[in-house]
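Contents: one structure, followed by commentary.
The values are calculated or read from the model by the stated rules, or taken from the named source; none is laboratory data. Treat the numbers as computed from the prediction; the structure is a model and nothing was measured. As a convention, Cβ positions derive from the backbone with ideal geometry for all residues, glycine included, and neighbour counts pool all protein chains shown.
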Amino acid sequence: MKQKRFKGEKFEIAFIWGDRLTFPQHTHDEYVLSCNLSGDEKLTLDGRDLEAAENCTTLYNPGQVQGGDGTDCLISLYLEPHFFESELQSNINAAFDTPIVNDNELRRSFSSLISFTLDESQDSEAEEMVFNVLELAISRYMVLTNEVIVDTSDWRIKKIKNLLLDDLSRTPSLNELAERVGLNKLTLLRMFSNATGVPPITWQRHRRVARARELLNQGVSAAQTACEMGFSDQAHLTRQFSSAYGISPARFAQR
């Protein structure tokens, strides 16, 4: 068994792979959300025999007895038991009522978490992608109380945009943005994504890369552009620029 992990303040992401992974019966104190990326897994959950086919997602609540055999690759998200109360301002007794779901959109969101286990320089975006996964899982497979409904034309969207644009070289945390506009993080993410099509940190990244393109057009070197725009190094700029425009910053500057 091989694995890579990324640990946030109140969550952990684990990317695990190997030849027919086997997990003896065990329990977790956390909520555990796992996507089976390869192989069909035979499961036991609280004494029941279940099967999670390839691409299915399992949603386990704290304290459930679980075991599994047959998967070759999975990505898991662990949340502290008080996560929903502290982060979402919701009922501490919140629980998933469907243990196995076949949800392609949820699978794609889970797959996006893999990169954070392999490249910790992206930690500023990890929390946002975790909340993307949670937005789908919670809205579809969990009942929450005290949810705040916000109009997508709300003034807070403009304020968040201004905060993100004020300094493109610095990436604020979701917690910082949420506190500035008086929302919980899930509501902030949902409101901003509904209004713009992407979550806030991703929105800022698009603008950072666009600004980097402007600097390169002005003759600023790739190294200096990376420094000015807050990329961790030139390689980080190259990855994001190439992903956005299909060409490296160096080749773009030579055109």
query = With (1) on the phi < 0 side of the Ramachandran plot; (2) in the same structural domain as L237 (by TED's automatic domain parsing) as the list, and G219 as the residue in question, which single condition is left unmet?
reply = (1)
remark   = Within the stretch 17-38, the residues that are surrounded by fewer than 18 Cβ atoms within 10 Å (Cβ to Cβ) and outside any strand (DSSP E or B) are T27, H28, D29
ask   = When you look at L88, is it surrounded by 20 or more Cβ atoms within 10 Å (Cβ to Cβ), at pLDDT below 80 and among the aliphatic types (A, V, I, L, M), yes or no?
value = yes
ask   = Would it be correct to say that N175 is surrounded by 14 or more Cβ atoms within 10 Å (Cβ to Cβ), at negative phi and not β-branched (V, I, T)?
value = yes
request  = Within the stretch 102-152, track down each residue that is modelled with pLDDT under 75, among the charged types (D, E, K, R) and in contact with a Ser or Thr (Cβ under 9 Å, 6 or more places away or on another chain).
outcome  = E147
key: Selected residue [buried (at least 17 other Cβ atoms within 10 Å of the Cβ) and on the phi < 0 side of the Ramachandran plot] from T57, T98   = T57
